[in-house]
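The values are calculated or read from the model by the stated rules, or taken from the named source; none is laboratory data. Please read these numbers as outputs of a predicted model, since none were measured by experiment. Positions of Cβ are backbone-derived with ideal geometry, glycine not excepted, and every protein chain shown enters the neighbour counts. The area values use the complete protein model at the heavy-atom level, side chains included, leaving out ligands, DNA and RNA. Shrake-Rupley method; radii C 1.70, N 1.55, O 1.52, S 1.80 Å.
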Amino acid sequence: MARWWIGLLLLLNAALLAWNMGALQPWGWGAAPTQDGPVVTLPIQTTASEPAPSAASAASAAASAAQAVPPKPPASATRPKPAAAPAAAASAPDSN
């Protein structure tokens with residue numbers, strides 16, 4: 001019985017695909033034509049609120065920004081060892 005339902009659904013799916021693709025249009029069985037709305041295009045106008053920075057001022061700004069942030073050490077750099085813990089604290093069991 002399930003194969004008949006699957007076959008019916010496949011047939012319905014194929015019929016809807018043909019209808020949407022316009023295969024039934026010659027016989028008057030087609031999807032309603034869609035109407036495209038009006039297309040509005042506006043020119044983009046830029047406002048000159050402040051002048052563009054020159055190459056020299058841009059370079060000096062980049063150099064000052066680079067000096068403000070200290071460089072990160074490389075990932076392969078050695079890390080400082082932690083301070084040695086007292087012997088009593090090291091031998092105590094965890095209370096977890």
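Is at least one residue of region 66-80 open to solvent by less than 100 Å² (accessible area, probe 1.4 Å), modelled with pLDDT of 70 or more and not in a helix (DSSP H, G or I)?
no
Suppose we filter region 14-31 for residues that are in a loop (DSSP other than H, G, I, E, B) and either touching a His at 6+ places or on another chain (Cβ under 7 Å) or open to solvent by 80 Å² or more (accessible area, probe 1.4 Å) (or both); how many remain?
1
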